[in-house]
Amino acid sequence: MTAADLAPHLRDVVGRMSVPGMTWAVVSGPRQTIGIGSAGPLGRDSIFRIASVTKPIVAVLTLRLAERGLFVLDEPIDRWLPEFADRRVLRARGAALDDTIPATRPTTIRDLLQMGSGFGWDMTATATDPLAGEFERRGLVSTWQPPVVRPDRWAQLAGPLPMAHQPGEGWLYQFSFDLLAVFLERVTRRRLDLVLRDEVLAPLDMHDTGYAIAMKNVDRVPSSWFPNRRGTFVEVAPIGDPRLMNVPVFRSAATGLLSTADDLAKFVRMLLRGGRGPRGPVISAASFDALRTVTLGESARAMSHEFLEPGVDWGLGVGVDNTARYPSSHPGRFGWDGGTGTSLWVDPEAGVGGVLLTRQGMGTPEPPEYLDAFWRAVHA
C-alpha cells in the first residue's frame, strides 16, 4: 500500500488519538520509491524526537566502523573502557550490590549491540531493587531522553557497579546502548554526533537528522506528550523547545536523535537495498545480514522476551520478527519503535519499509492502537 493509500485508513485512527497527528513514509516497489503522507496537524516538514529509533541508526554506524577496522565486534571493550575491566556480577537478579561473583569473561562490543552488558531496565525488578536504585541515584538512567552526565563521567560512575547477569548471558533493555555511545566516542576520539553525521547521515543525505537543530528549525519540532499514572496525556516537551539547539552533553546511542519522515525514509531505502546508499555501500552485505540475524543464546533470548512483544527477537540493535506479524509481512522483518510514538521497520522479502512519526508517547511496551493500525495498513 502506498503512502497516499494509507490516509483513508488512518484518518479515523488519528481522530481517536489522545494527541492527534501523524506523519509517515512508505518505501516500496522495485526502485524503493518513497511516499510521504500525514494526517492531523503534523506535516512533512515536522522534525520529531525519535527516541529509540536512534538505536538502529547507531547500530549501522557501529557496523560501519567495525568494517573499517577500528574494532572487532567480539573484542572486549576494556581496551578503550578500562572502567569496565575485572567486572563483578550479581549472584542473583535483585541481590545486594555486594553479593557478587566474578564475571566469566569481558564484555564485548557485540554484547552491547545485543543488550547483553548486564545493565538496563529489568522488567522483574521491584521498587527497592538495589542496582536499579543505584543507577537512578547516580544519574545514569536514560529514558526517551539521554542521561545528563558527560560520557566519561557516566563510565566512571557505572564501571564499579555490578552486572545483573554474566556478559552476553542475559538481556536488559536500553543501557547497553548508552554504554555503546561512550565506547564509540572513546574509540573514535570524537563526539558521537559528528561521527554519525560523517559516516551515516551525510552519505544518506539525511540533513535534517541529528542530536540538535539550527535555530531556524526549532519551530518545526512539535510538542511531545506522555500518559501520566492516571492515563491522561500531559505535555513533557513544548513545541519549538529552544533547548534542542544545543547538542546534549551525553550523545546516547539509545535515544536522542531528531529526524523527519523524509530522512528516515532514506535510511529505510538503504536497508531495503541491503546496506547500499546513493553513493555506494554504507554497510556491507555481511554487516547487513549480521544486523538482522538473531544469535542470542538461550538465557539471553528468554530474558529478552520479558520485554519484547510476542513474536519478536533481537538482532544487533533491531527487533526481528520471528513470525509474520501482519497480513502480508514475513518472518525476518526488522526495525524498532521509539517511546515518543515513532516506528521504523523493513520487510526485505516483501520489498517494503516504512516510518511512522507522532507526538503521542507510549506508556507501556505494548503497542498503541495507532501503531498497530499503521503497520496493518502498510502490510495489508
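The values are calculated or read from the model by the stated rules, or taken from the named source; none is laboratory data. Predicted model, so just to flag it, every value in this text is computed and none were measured. Cβ coordinates were reconstructed from backbone atoms using ideal geometry, including for glycine residues, and neighbour counts include every protein chain displayed. Note: areas computed on protein heavy atoms with side chains; ligands, DNA, RNA excluded. Shrake-Rupley method; radii C 1.70, N 1.55, O 1.52, S 1.80 Å.
Whenever a residue of region 136-163 is within 16 Å of residue 97 (Cβ to Cβ) and without any contact (Cβ under 8 Å) to a residue 24 or more places away in the chain, its partners that are in a loop (DSSP other than H, G, I, E, B) and among the aliphatic types (A, V, I, L, M), lying with C-beta atoms within less than 9 angstrom and at least six residues away or across chains, give the pairs 138/149; 138/161; 157/140; 157/149.
Selection within region 363-379: residues that are in contact (Cβ under 8 Å) with a residue 40 or more places away in the chain and among the hydrophobic types (A, V, I, L, M, F, W, C). The member of this set that is most open to solvent (accessible area, probe 1.4 Å) is 373. Step by step: first the residues of region 86-129, then only those that are touching a residue at least 24 places away in the same chain (Cβ under 8 Å) and over 28 Å from residue 313 (Cα atoms), then the one that is nearest to the chain's Cα centre (by Cα). Which residue is that? Across region 86-129, the extreme among qualifying residues is 97. Here region 19-51 is the region considered, the condition is being more than 24 Å from the chain's Cα centre (by Cα) and either in contact (Cβ under 8 Å) with a residue 40 or more places away in the chain or under 20 Å from residue 359 (Cβ atoms) (or both), and the residue that is surrounded by the most Cβ atoms within 10 Å (Cβ to Cβ) is 39.
Yes/no per residue for (1) touching a helix residue (DSSP H, G or I) at 6+ places or on another chain (Cβ under 7 Å); (2) open to solvent by less than 20 Å² (accessible area, probe 1.4 Å); (3) among the polar types (S, T, N, Q); (4) modelled with pLDDT under 95:
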residue	(1), (2), (3), (4)
228	no, no, yes, yes
238	no, no, no, no
286	no, no, no, no
296	yes, no, no, no
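Among helices (runs of 4 or more DSSP H) entirely within region 52-168, having at least 2 residues that are open to solvent by less than 10 Å² (accessible area, probe 1.4 Å) singles out 54-67, 109-113, 151-158.
Reported count of residues in region 330-344, each being open to solvent by 10 Å² or more (accessible area, probe 1.4 Å) and more than 19 Å from residue 50 (Cα to Cα), is 3. Every test in (1) under 18 Å from the mean Cα position of the chain (by Cα); (2) open to solvent by 50 Å² or more (accessible area, probe 1.4 Å); (3) of a type in the set (Phe, Trp, Tyr) is passed by residue 267 save one, and that test is (2).
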